[in-house]
Amino acid sequence: MVLGQGPGGRKPRAEATSCAQRDLNAWVGSHRSSGEDGDAAPERAQSPAVRVLFLDFDGVLNSDRFDAEAPPAPEGEGWWGPSALDPHALERLRGLVRRTGCHVVVSSTWRLNHSREALSALLGLVVADITPRLHRTPDGVRQTRGDEIRAWLEAHPEVSTWVAVDDDIVDVAFFVRTDAAVGLTDEDVERLVERLGA
Ligand SMILES: [Mg+2]
């Protein structure tokens, strides 16, 4: 049971990705460092700092503890609705974004059944993009969440610093693992801030 997407979910997701790319490009263009103003060759100017957080949902923005303590979801909401997310974890996430100015790129499976706009509404902050969904390679090798993150990064060379947060191990270089029993903690946030270099 999902919210917000019917059988035609693929097309809006593709549009959302395209819009997100434009938004990110616009953001990069508007955040060049002040020293570049008036530069005769802006194309060769130093890139601005673009920080990205690859965000998982389940086990990060909710937890076993939250599931045990939270009131049941309103009838008809289904599993993928706002009441499945822990308000305390969401507030920690928003604090992280405020402190670091990072872009949020959703790597969670929630991206497969919510538009970028719906994800933004759930989080209460702007979701810049989602990672691509990769299936098996032509020779049958299963693609991982780390492969999806790397594919996104290859398409975004403007990114200067990034980190993934997930309760499962993700095979990427920069990664903070949460404990699904408790979700995103203050200590996790500090590790993420340290990596993102606010
Ligand atoms: Mg998870």
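List pairs: first residue in the stretch 178-198 and closer than 16 Å to residue 108 by Cβ, second residue small (Gly, Ala, Ser) anywhere in the structure, Cβ distance under 8 angstrom, at least six positions apart or on different chains.
Every condition considered, the pairs that remain are 178/59; 180/59; 180/63; 183/59; 183/63; 183/89; 184/89.
Across the stretch 63-83, what is the number of residues that are surrounded by 20 or more Cβ atoms within 10 Å (Cβ to Cβ) and either modelled with pLDDT of 95 or more or of a type in the set (D, E, K, R) (or both)? Lay out the reasoning, then the answer.
Taking the stretch 63-83 and keeping what is surrounded by 20 or more Cβ atoms within 10 Å (Cβ to Cβ), we get 63, 80.
Next, only the ones that are either modelled with pLDDT of 95 or more or of a type in the set (D, E, K, R) (or both) stay: 63.
So the answer is 1.
Checking residue 61 against (1) in contact with a Gly (Cβ under 6 Å, 6 or more places away or on another chain); (2) within 14 Å of the ligand (Cβ to nearest atom); (3) not in a helix (DSSP H, G or I), only one condition comes out false. Which one?
Looking at each condition in turn, residue 61 falls short on (1).
List the strands (runs of 3 or more DSSP E) that sit entirely inside the stretch 105-198 and contain at least 2 residues that are away from the ligand (no atom under 14 Å from the Cβ).
Details: elements: 127-130, 161-166, 175-177.
In the stretch 105-198, the matching strands (runs of 3 or more DSSP E) lie at 127-130, 161-166.
Enumerate the pairs (first residue in the stretch 139-153 and touching a residue at least 12 places away in the same chain (Cβ under 8 Å); second residue anywhere and of a type in the set (S, T, N, Q)) with beta-carbon separation below 7 Å, excluding pairs fewer than 6 apart on the same chain, so at least 6 apart or on different chains.
Short answer, once both residue conditions are applied: 145/107; 148/107; 148/131; 149/107; 149/131; 152/131.
The values are calculated or read from the model by the stated rules, or taken from the named source; none is laboratory data. Owing to the predicted nature of the structure, the values given are computational and were not obtained by experimental measurement. Note that we place each Cβ from the backbone using ideal geometry, even for glycine, and neighbour counts take in every protein chain shown.
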